[in-house]
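**Student:** The structure that follows is given in the form of C-alpha cells.
The values are calculated or read from the model by the stated rules, or taken from the named source; none is laboratory data. Source: prediction; values computed, not measured. For neighbour counting, all protein chains shown are included, and Cβ atoms are generated from backbone atoms with ideal geometry for every residue, glycine included. Surface areas here come from the heavy atoms of the whole protein model, side chains and all, with no ligands, DNA or RNA. Shrake-Rupley method; radii C 1.70, N 1.55, O 1.52, S 1.80 Å.
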Amino acid sequence: MAKSENTLSRSALVKAIIASVLLIILVFLGSGNFRELDAALIPYLLGVILAVFGITYRLSVWLQRPPTRLYWKRMGKLSLAHPIKFIQLLFRNLIFQKFIYSRGKDRWIGHFLMSIGCIAAFGVTIPLTFGWIGFVLKSGSLTGYEAHMFGFKAMSFQLGSFIAYMLFHVLIFCSIAVIIGAMIMLRRRMTEEGLVATQTFEGDLLPLLLIIAVAATGLGIAFDYMFLDGKVHQFMSVTHAVTVILFLLWIPFGKFIHIVQRPMQIGVNIYKMEGEKQGMAVCPLTKEEFATKMHIADLKEVTLETGFDFRLKNGDNHLNYSPEGKRSLLAKAHLKAREDAGSYFG
C-alpha cells in the first residue's frame, strides 16, 4: 500500500522534539538557570519553542526528498569550500535583497525594508526573550544602566546618551521599516493585475497583514509608553503578544517559511559557480553546451534514487542530451515508428 503524503514522519518528529529540547537547554544555560528570564516575555518564549518545533519538522520532511537532500549536501560542502563567497552572497542576497533589484526598484525597496527590519528585530528580541541579554539599573545610580550578556556585564551607559537612545528605540525603527516595506508589497498585490488574478488571501495577503499587525502593535506599546503614561499598556502588550505568537506559529505552515529557507538558497549561486568551474556538459547531438557536468551528474543520481532510469541500451543516458537534443531524438523516434508502420500520416 502506498504511503500517504499526510502520514506523520517519525524521524522528523524526533528531530523536532530534539531541537525543541536543545533550545530549552540553551535558554536554561544562557539565562543563568532561568534567573535572567523576564516573566513578561515567557509567552514569546513559548511561541519561539513551538515555532522551532514546527520549522524543524517541516524542514526535516523537506530534506527527506532526494533532490532536496542532495542539494543540501552540495550546498554544505560548497559553502565550506568557499566561505568568503558565501558570506558575500549572504549580505548581498539575504540582507540587501539584491537579487530582487532586477525585478523592479519599488519591489526591491519593499523587500529590503522588510528584510532589514525583521533581521534587526529578531537580533534584538530573540536574545532578550531567551534571557541571554538584559538591561539593569546600576547599583546606586538613577541614570546608569548595565547591559548583561549571559549573566556577565557587557557594557554600561547613561540614560540620554546616544547608545541608550538607539538601544531603547531600535525596535521602533524596525517596526517603521517593516510597515513601510509591507505596505509597498501590499499595494503591489492590490494593483498589479497578474498578482490579483493568481494570489490567495491566506498565502499572499494574510502574511503581509500579519507582519503589519506585529509591527503596528509594537509601535502601539512604544506610543503608550512615551505619550499615554502606560494607560493602555495591558491592552497593547496582550495584543502585541497575540500577533507575535500567531506570526511565530505561522512560520512553519505558510509563506514565512522562506525566512528559514532563504539562507539555504544562497548555495544555488555557489553551486552554479562551482559547476561552471568544473566544466560544461555538451549535448552529443547538437554539440552545444547546455548545463554543468556537476548538475547532470547530480540529476542522474537523483532520478535513479526516485525510481526513474534514463540509461539507454547502448550505455548512453538520456540526460546527457540537451532539451533541443531530446526533442530531436523524440522526432526521430516518431519518424522511425511511422516508417516501420508504412505510413507517414494517419
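**Student:** Go through the range 51-68 and give me each residue that's over 17 Å from the mean Cα position of the chain (by Cα) and assigned to a helix (DSSP H, G or I).
**Tutor:** PRO66, PRO67
**Student:** Can you find, within the range 155-183, the residue that is least open to solvent (accessible area, probe 1.4 Å) among those that are closer than 21 Å to GLY140 by Cα and assigned to a helix (DSSP H, G or I)?
**Tutor:** Taking the candidates together, the pick is ALA164.
**Student:** Cβ-Cβ below 6 Å, separation at least six or inter-chain, first residue in the range 238-262 and closer than 25 Å to LEU219 by Cα, second polar (S, T, N, Q) and surrounded by 15 or more Cβ atoms within 10 Å (Cβ to Cβ): which pairs?
**Tutor:** THR239/THR217; HIS240/THR217; THR243/THR217
**Student:** I need the full set of residues from the range 135-154 which are surrounded by 12 or more Cβ atoms within 10 Å (Cβ to Cβ) and of a type in the set (Ser, Thr, Tyr), in order please.
**Tutor:** SER141, THR143, TYR145 - these are the residues of the range 135-154 that are surrounded by 12 or more Cβ atoms within 10 Å (Cβ to Cβ) and of a type in the set (Ser, Thr, Tyr).
**Student:** Just checking, how many residues over the range 314-333 are closer than 19 Å to GLY279 by Cβ and either out of contact with any Cys (no Cβ under 7 Å at 6 or more places or on another chain) or in a helix (DSSP H, G or I) (or both)?
**Tutor:** Qualifying residue count for the region: 5.
**Student:** If you don't mind, there's one more thing I want to ask. In the range 40-72, which residue that is open to solvent by 80 Å² or more (accessible area, probe 1.4 Å) and among the hydrophobic types (A, V, I, L, M, F, W, C) is nearest to LYS300 (Cα to Cα)?
**Tutor:** The extreme case among them is TRP72.
**Student:** Would you mind stating whether LYS300 is surrounded by fewer than 16 Cβ atoms within 10 Å (Cβ to Cβ), among the basic types (Lys, Arg) and not in a strand (DSSP E or B)?
**Tutor:** It is false that LYS300 is surrounded by fewer than 16 Cβ atoms within 10 Å (Cβ to Cβ), among the basic types (Lys, Arg) and not in a strand (DSSP E or B).
**Student:** For the range 9-39, enumerate the residues that are open to solvent by less than 70 Å² (accessible area, probe 1.4 Å), closer than 17 Å to ILE126 by Cβ and not in a loop (DSSP other than H, G, I, E, B).
**Tutor:** Across the range 9-39, the qualifying residues are ALA19, SER20, LEU23, VAL27, GLY30.
**Student:** Let me ask you something else. Please work out which residue is surrounded by the fewest Cβ atoms within 10 Å (Cβ to Cβ), limiting yourself to the range 77-112 and to residues that are in contact (Cβ under 8 Å) with a residue 40 or more places away in the chain and over 30 Å from PHE173 (Cβ atoms).
**Tutor:** Among them, the one singled out is ALA81.
**Student:** Moving on to the next point. Considering only the range 192-280, give the helices (runs of 4 or more DSSP H) lying wholly within it that have at least 3 residues that are of a type in the set (Lys, Arg) and open to solvent by 30 Å² or more (accessible area, probe 1.4 Å).
**Tutor:** Per the criteria, 258-278.
**Student:** Taking THR129, is it open to solvent by less than 80 Å² (accessible area, probe 1.4 Å), among the polar types (S, T, N, Q) and free of Cβ contacts under 8 Å to residues at least 24 places away in the same chain?
**Tutor:** Criteria not met by THR129.
**Student:** Further question on the same structure: State which residue pairs qualify: first residue closer than 25 Å to ASN269 by Cα and inside the range 280-309, second residue among the basic types (Lys, Arg) in any location, beta carbons under 8 Å apart, and separation of 6 or more residues or different chains.
**Tutor:** If the second residue must be among the basic types (Lys, Arg), the pairs left are MET280/LYS293; ALA281/LYS293; THR292/LYS272; ASP298/ARG74.
**Student:** Inspect all residues belonging to the range 190-197 and state whether any of them is closer than 22 Å to MET236 by Cβ and of a type in the set (S, T, N, Q).
**Tutor:** no
**Student:** Criterion first (more than 30 Å from ARG188 (Cβ to Cβ) and in contact with an Asp or Glu (Cβ under 9 Å, 6 or more places away or on another chain)) does ALA40 satisfy it?
**Tutor:** no
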